[in-house]
Amino acid sequence: QVQLVESGGGLVQAGGSLRLSCAASGGTFISYAIGWFRQAPGKEREIVGAINWTGTNPYYADSVKGRFTISRDNAKNTVYLQMNSLKPEDTAVYYCAARAGKPAYTGYDYNYWGQGTQVTVSS
């Protein structure tokens, strides 16, 4: 059983940056792919990006490509989401999720979820 805890959310002005962290415990972290998702009020959950256990070739949604970067530190059991050039439309609750094996691109394929962290981007 993997427990995930997100942190690093907050209020930032448009054009600013935030770094989210996803700390894992209770499982073999290195065997899990991690996905970042977000859900804005009144909208469906959407994938932001995903990373495999090696940390190579992360996947990004088109809406964040070139602005967001996913990385992981397996020694610290932590995955990061660096968010630059933030836009008001990035406002959402951000979640990390874990699944064994390869990354997936829909939330239904992930077994473990964090509680989420709010990101608010003001214009």
*Ignoring ligands, DNA and RNA, what percent of the 1.4 Å accessible area of the chain is carbon and sulfur?*
48
_Residue-normalised accessible area of the chain, expressed per residue, 1.4 Å probe, Å²_ = 51
*So how far apart, in nm, are the two label points at Ala14 and Thr56 if each is 7 Å from Cα heading toward Cβ?*
4.0
*Tell me, which longest segment in the chain has none of the trypsin sites (Lys or Arg not before Pro) that fall in DSSP loops with at most 12 further Cβ atoms within 10 Å?*
77-123
_Reach of Lys87 by Cα under 20 Å, taken over aspartates and glutamates that are not fewer than 8 positions away in the same chain_ = Glu44, Glu46, Asp62
*the chain: relative contact order in percent, alpha carbon pairs under 8 Å with at least 6 residues between*: 36
_Keeping all protein chains in the complex and leaving out DNA, RNA and ligands, what accessible area do you get for Ser31 with a 1.4 Å probe, in Å² to the nearest 10?_
50
*asked:* On a straight-distance basis, which lysines could pair with Lys102 in a cross-link, Cα separation under 27 angstrom, same-chain partners fewer than 8 positions away excluded?
replied: Lys43, Lys65, Lys76
*Step through the residues of segment 34-45 one at a time and calculate ³J(HN,Hα) from phi using the Karplus curve (6.51 cos²θ - 1.76 cosθ + 1.60, θ = phi - 60°), rounding each to whole Hz and writing x for Gly and Pro.*
10, x, 10, 10, 8, 9, 8, x, x, 10, 6, 5
*Neighbour-limited loop hits for GluC sites (Glu not before Pro), segment 1-103 (at most 14 other Cβ within 10 Å; DSSP other than H, G, I, E, B)*: Glu44
*Unit Cα scatterers, Debye sum, the chain: log10 I(q)/I(0) for q = 0.11, 0.12, 0.23 Å⁻¹*: -0.31, -0.37, -1.39
*Over segment 1-71, consider all pairs of different Cα atoms and compute the Kirkwood hydrodynamic radius from their mean reciprocal separation; express it in Å, one decimal.*
13.6
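The values are calculated or read from the model by the stated rules, or taken from the named source; none is laboratory data. These numbers were taken from a predicted model, which means no experiment stands behind them. Here the Cβ is made from the backbone with ideal geometry for all residues, glycine too, and neighbour counts use every protein chain on show. These area figures cover heavy atoms from the full protein model, side chains too; ligands, DNA and RNA do not enter into them. Shrake-Rupley method; radii C 1.70, N 1.55, O 1.52, S 1.80 Å.
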